[in-house]
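J.: To start, I am sharing the structure in question, which I have written as structure tokens.
The values are calculated or read from the model by the stated rules, or taken from the named source; none is laboratory data. From a predicted model like this one, the values you see are computed outputs, not experimental measurements. All Cβ positions, glycine included, derive from the backbone under ideal geometry; neighbour counts span all protein chains shown. With ligands, DNA and RNA removed, areas are computed over all heavy atoms of the protein, side chains included. Shrake-Rupley method; radii C 1.70, N 1.55, O 1.52, S 1.80 Å.
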Amino acid sequence: MSHPLYDVTNFTIVGPFTLRVVFDDGAEQTINLESVLYGEMFGPLRNLQVFNQVHLDEEVRTLVWPNGADFDPWTLHEWPKFVDALSTRAQAWE
């Protein structure tokens with residue numbers, strides 16, 4: 001599937017499991033990720049101490065966690081369109 005490419009340029013932790021993400025096109029999203037934190041890769045992020053270790057990977061220009069979890073910047077950019085479907089799919093991993 002082809003889609004536009006976006007880079008994450010900055011982010012701020014604004015609450016539990018919630019990030020304010022800024023993109024290279026000037027768009028911003030406030031994203032609560034709690035509903036998708038299930039499964040082998042994302043489940044460990046339900047621990048706030050782990051979640052809060054998020055950082056911006058300068059090479060791939062997205063948010064990453066120490067365990068290798070990350071999200072496609074396009075998915076983050078378009079979060080309101082995908083959150084319901086992603087939440088349903090993620091909870092099935094539990």
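J.: For a quick check: with amide H placed at 1.01 Å from N, whose amide H comes under 5 Å from Tyr38's, ignoring anything fewer than 5 positions away on the same chain?
T.: HN-HN under 5 Å from Tyr38: Gly43.
J.: Here's another thing I want to ask about it. Enumerate the calculated ³J(HN,Hα) couplings along the stretch 58-73 in order (Karplus 6.51 cos²θ - 1.76 cosθ + 1.60, θ = phi - 60°), each rounded to whole Hz, writing x wherever the residue is Gly or Pro.
T.: 5, 7, 9, 6, 9, 7, 9, 10, x, 7, x, 5, 7, 10, 4, x
J.: How much mean residue ellipticity at 222 nm does the chain get from its helices, if each DSSP H run of length 4 or more adds -39500 (n - 2.57) and you divide by all residues, to the nearest 500 deg cm²/dmol?
T.: Value at 222 nm, helices only, nearest 500: -7000 deg cm²/dmol.
J.: Sort out for me the Cα centre separation of the stretch 5-42 from the stretch 61-94, rounded to whole Å.
T.: Between the Cα centres of the stretch 5-42 and the stretch 61-94 lies a distance of 8 Å.
J.: What is the Rg over Rh value, at two decimals, for the chain, using alpha-carbon atoms and the Kirkwood definition of Rh?
T.: Result: Rg/Rh = 0.93.
J.: Quick check: with the 1.4 Å probe, what order do Arg61, Arg89, Arg20 take by accessible area, largest first?
T.: Final ranking, largest accessible area leading: Arg89, Arg20, Arg61.
J.: Once Lys and Arg get +1 and Asp and Glu get -1 on their Cβ, which of Gly68, Thr30, Gly15 lies farthest toward the positive end of the dipole of the chain?
T.: Gly15
J.: Given a cut-off of under 8 Å on Cα pairs at least six residues apart, what relative contact order in percent is computed for the stretch 9-92?
T.: 25 percent
J.: OK, next. If Glu58, Glu78, Glu34 are ordered by their accessible area, calculated over protein heavy atoms with a 1.4 Å probe, which sequence runs from highest to lowest?
T.: Correct descending sequence by accessible area is Glu58, Glu34, Glu78.
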